[in-house]
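The values are calculated or read from the model by the stated rules, or taken from the named source; none is laboratory data. All figures in this text were calculated on a predicted structure; none of them were measured in a lab. All Cβ positions, even for glycine, are placed from backbone atoms using ideal geometry, and neighbour counts span all protein chains on display. What goes into the accessible areas is simple: the full protein's heavy atoms, side chains included, and nothing from ligands, DNA or RNA. Shrake-Rupley method; radii C 1.70, N 1.55, O 1.52, S 1.80 Å.
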Amino acid sequence: MLLNQWYVLANCDEVTSAPKRVHALGQDFVLFRDAEGAAHCLSDTCVHKGASLSCGKVVDGSVECPYHGWRFDGSGACVKIPSLIEGKKIPKRARVDSYPVQEQWGWIWAFLGDAAEAERPPLPDFYPEYEEQSGEWRFARGRAQFDCNWVRALENGVDRAHAVFVHTDFGNPDSPEVEDYEVDDSNNRIYGAGSGKPLNKRGAWRDAIPDAREEREVEVQIFVPAPCIRIQMHMQKNMSQIIVTAYTPIEEGKTQLNFIQARNFLTDEKFDEDSLKRVYFVIEEDAIILKHLKPARVPPSLADELLLSSDHHGTVFRQKIKELEAKGLAIDADQQSRDTECVRVIPSPLRKEDPSNWVFKSVPMREAR
Ligand code: FES
Ligand SMILES: [Fe+2]
């Protein structure tokens, strides 16, 4: 699990003025909106005596701990300690980590890490066509969970050879070969184009997509500082389906998937249910395989598995992850699970700016190489 990435933590409409607990990178976070409606993400554990802030409530734009009523604003600073007698100061260490938040494509993204603003990458732009042709696209969204490590889950999303074996509804079992393909790794994205087959014709799609079993152009992109995949399938001229899947590591062996399925055909709301059903069906087929992959984390070296040219896209991604791990961005999850005596937190940007006066230490990291 990596620090300094943008992660999808919730849908925008799930975050309100009632605090919401979410789990990512093995940690709890509290999400809430202040009086102006701005969304915030804080470490969930109160530095006083360890209560969960998400069990509290939002008062005057700050989250109030349910145990003794300390209040923390969106920056993580404690702004009120009700038990303090007048004239006594709030201690400097009364603060929790606060993480940068952005709302985009209906999702709440939090930057979980301590990189300063200038070093943070921008969010990926998934739907430039939507901005140009607003109203011609229909978005449906959903969520699922894989019982596997996030790198395994993401690699599966770009695995070209598995489709005909794992999925009943796409790929052509009579031609399982995967042609060699180029992958372009630049500008925080790993891009590969190729051919593929859209989902089988069923229900409303049968009439909407002519010759659904024919080869189509498929563009696949992995976004690295915001672990996501964007797959665009060109059904025919001016007819596309774009699926964006965001991968959030919950724990080492659990990954949450938030997805958006966008289409510029069958754009009436009444087709959402059918469209989502297709996506969930595919996810369930993948989940069975992913649950039993060994080792649970991808092995340290590429030579520890027998990867072929059909695995090219995933391999480039895996190398990229290894580079980030070598820079010291990987959480030492084994150490973290042994270390249960004290609370550890994901370091926030303010911690880097001002490293002293924090109650909780940051999570243990694997060594940079
Ligand atoms: S534990 Fe939060 S105020 Fe006491
Ligand atoms: Fe799959």
Q: Take a quick pass over region 5-119 and tell me how many lysine pairs come in under 21 angstrom between Cα atoms, counting only ones 8 or more apart or on separate chains.
A: 12
(Q) What does the C-alpha gyration tensor say about the overall shape of the chain? Classify as rounded when a/c is under 1.5, otherwise prolate if a/b is larger than b/c, or oblate. (A) prolate
Q | 1.4 Å probe accessible area per residue over region 128-323, in Å² | A | 49 Å²
**Q.** GluC sites (Glu not before Pro) lying in DSSP loop within region 76-148, provided at most 15 other Cβ fall within 10 Å
**A.** GLU86, GLU136
Q: For LYS294, list the lysines whose Cα falls under 16 Å from its own Cα; do not include residues on the same chain fewer than 8 positions away.
A: LYS254
Q. Just by accessible area at a 1.4 angstrom probe, what is the order of TRP105, TRP205 from largest to smallest?
A. TRP105, TRP205
Q: Calculate how large, on average over all directions, the projected area of the Cα convex hull of region 37-142 is; give the answer in nm² to one decimal.
A: 9.5 nm²
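Loop-only check: which GluC sites (Glu not before Pro) in region 263-355 are DSSP coil with at most 11 other Cβ within 10 angstrom?
Hits after loop and neighbour filter: GLU341.
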Q) Given q = 0.26, 0.28, 0.30, 0.33 Å⁻¹, what are the Debye log10 I(q)/I(0) values for region 237-282, with equal point scatterers placed on the Cα positions and solvent ignored? A) -0.99, -1.07, -1.14, -1.21
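Quick one: pull the percent of accessible area on region 222-364 belonging to carbon and sulfur, 1.4 Å probe, ligands and nucleic acids left out.
That share works out to 54 percent.
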Q: Convert each backbone phi in region 107-115 into a coupling constant with the Karplus relation 6.51 cos²θ - 1.76 cosθ + 1.60 (shift: θ = phi - 60°), then list the ³J(HN,Hα) values in order as whole Hz, x for Gly and Pro.
A: 10, 8, 9, 10, 8, 9, x, 10, 5
Q: Keeping all protein chains in place, calculate the accessible area per residue for region 5-119 (probe 1.4 angstrom), answer in Å².
A: 44 Å²
Q. Roughly speaking, what is the stretch gain from SER186 to GLU269, that is 0.36 nm per residue apart minus the C-alpha to C-alpha distance, in nm to one decimal?
A. 26.2 nm
Q: Take the solvent-accessible surface of the protein heavy atoms, probe 1.4 Å, and return the percent of it on region 110-166 that carbon and sulfur atoms account for.
A: 44 percent
